[in-house]
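Chemist: Sharing a structure, written as structure tokens. Questions coming.
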Amino acid sequence: MHILYGSQGSGSSIAEAALERCGVDFRVVRASQWEPDSAIDELRRVNPLGQIPTLVLPDGSVLTESAAILIHLGLAHPDSGLLPAAPARRAQVLRGLVFIAANCYSAITQSDYPERFTTDTTEAAREAVRQAARAQLHRHWEIFADTFGALAGEQGFLGGDNRPGALDLMAAVVSRWSGTRAHLAQHRPGFLAVLQRIEADPGFAPVFARHWP
């Protein structure tokens with residue numbers, strides 16, 4: 001049994017959808033830093049950062065970081081289609097996963113918690129950090145769309161397959177935050193259509209419906 005620590009509308013939806021795709025047994029423990037009535041102390045015992053998703057594997061080992069969870073599940077369950085079988089396409093998916101983790105997720109953290117990134121305690125200073133982070137985030141998504149969007153073509157997905165995989169899942173979830181979708185609607189509408197197609201796919205749609213009803 002896998003144990004997934006997470007919360008509704010959070011990045012844990014990425015791991016939840018991937019676990020369902022793999023067809024493995026798992027249970028979800030509601031835990032997050034913004035829900036004081038959740039199992040946050042239990043989460044911190046397995047992940048001192050208290051971040052979600054955190055996944056405890058059946059052997060008791062712990063996986064953190066959405067990209068790492070997706071890569072592990074894709075490799076452990078090759079028939080799931082989370083990662084492409086072709087080495088060249090798989091390499092690009094791995095690149096895309098790390099791109100989102102390193103560039104987009106980090107900018108979202110700066111936007112959501114600007115007080116962590118300035119010693120100035122004024123609201124004006126924190127708002128300046130927030131706006132700068134959002135501008136950086138949206139620029140990163142433009143680059144992502146230009147780099148990886150072409151792999152989807154007219155009706156395909158970001159891994160170059162005919163069904164969405166790990167990269168599609170992570171892009172669809174992380175792009176929901178910090179005004180990214182509104183920015184893409186104006187500046188990269190074709191890529192926004194890809195994200196909407198991912199969410200509507202029968203394999204992932206139930207998870208998106210549960211997390212964003």
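Nothing in this text is a laboratory measurement; each read-out follows from the coordinates by a stated rule. Predicted model only: the values in this text are computed from it and were never measured. Positions of Cβ are generated from backbone atoms using ideal geometry, with glycine treated the same way; all protein chains shown enter the neighbour counts.
Chemist: Tell me, in nm to one decimal, what length is gained between A125 and R27 on full extension, where the rule is 0.36 nm per residue of separation less the Cα-Cα distance?
Modeler: Between A125 and R27, full extension yields 31.1 nm more.
Chemist: Using only the alpha carbons, work out the radius of gyration and Dmax of the range 79-149 in angstrom.
Modeler: 16.2, 52
Chemist: So how far apart, in nm, are the two label points at T147 and S106 if each is 7 Å from Cα heading toward Cβ?
Modeler: 1.2 nm
Chemist: Follow-up. Can you give the charge dipole size of the range 1-137 about its Cα centre, rounded to the nearest 20 debye, using +1 on the beta carbon of Lys and Arg and -1 on the beta carbon of Asp and Glu?
Modeler: 480 debye
Chemist: Computed FRET efficiency, Cβ-Cβ of A182 and V62, R0 35 Å: what is it to the nearest 0.05?
Modeler: 0.45
Chemist: Using Cα-Cα distances under 8 Å and only pairs 6 or more residues apart, what relative contact order does the chain have, in percent?
Modeler: 20 percent
Chemist: Per-residue HN-Hα couplings for the range 36-51, Karplus 6.51 cos²θ - 1.76 cosθ + 1.60 at θ = phi - 60°, whole Hz, x for Gly and Pro?
Modeler: x, 8, 8, 7, 5, 5, 5, 4, 5, 5, 9, 9, x, 6, x, 9
Chemist: Let me ask another. Normalised by the empirical 2.2 N^0.38 Å for globular proteins, what value does the Cα Rg of the range 26-75 take?
Modeler: 1.14
Chemist: Here is a further query. For the charge dipole of the chain, defined by +1 on Lys and Arg C-beta atoms and -1 on Asp and Glu C-beta atoms about the Cα centroid, which residue among I143, S7, H77 has the Cα displaced farthest towards the positive pole?
Modeler: Selected residue: I143.
Chemist: Say R0 is 30 Å: what FRET efficiency, to the nearest 0.05, do Q8 and A86 get from their beta-carbon distance?
Modeler: On the way: r = 35 Å, r/R0 = 1.17.
FRET efficiency, Q8 to A86: 0.30.
Chemist: Nearest 0.05, what FRET efficiency do Q136 and A209 give at R0 = 41 Å with Cβ-Cβ as r? Don't skip to the end; give the middle numbers.
Modeler: Working: r = 31 Å, r/R0 = 0.75.
The computed FRET efficiency comes out at 0.85.
Chemist: What is the list of residues in the range 19-41 whose amide nitrogen lies under 17 Å from a point 7 angstrom out from the Cα of M1, following Cα to Cβ?
Modeler: 20, 24-31, 39
Chemist: Looking at the calculated P(r) for the range 158-213, what percent of the C-alpha pair distances fall above 16 Å?
Modeler: 39 percent
Chemist: Have a look at A86, A102, A17 and tell me which one the Gaussian network model of the chain (Cα, springs below 10 Å) gives the largest fluctuation.
Modeler: Taking springs between Cα atoms under 10 Å, the residue moving most is A86.
Chemist: I've got another one for you. Of A107, A15, A166, which is the most mobile in a GNM of the chain whose springs link Cα atoms less than 10 angstrom apart?
Modeler: Fluctuation is largest for A107.
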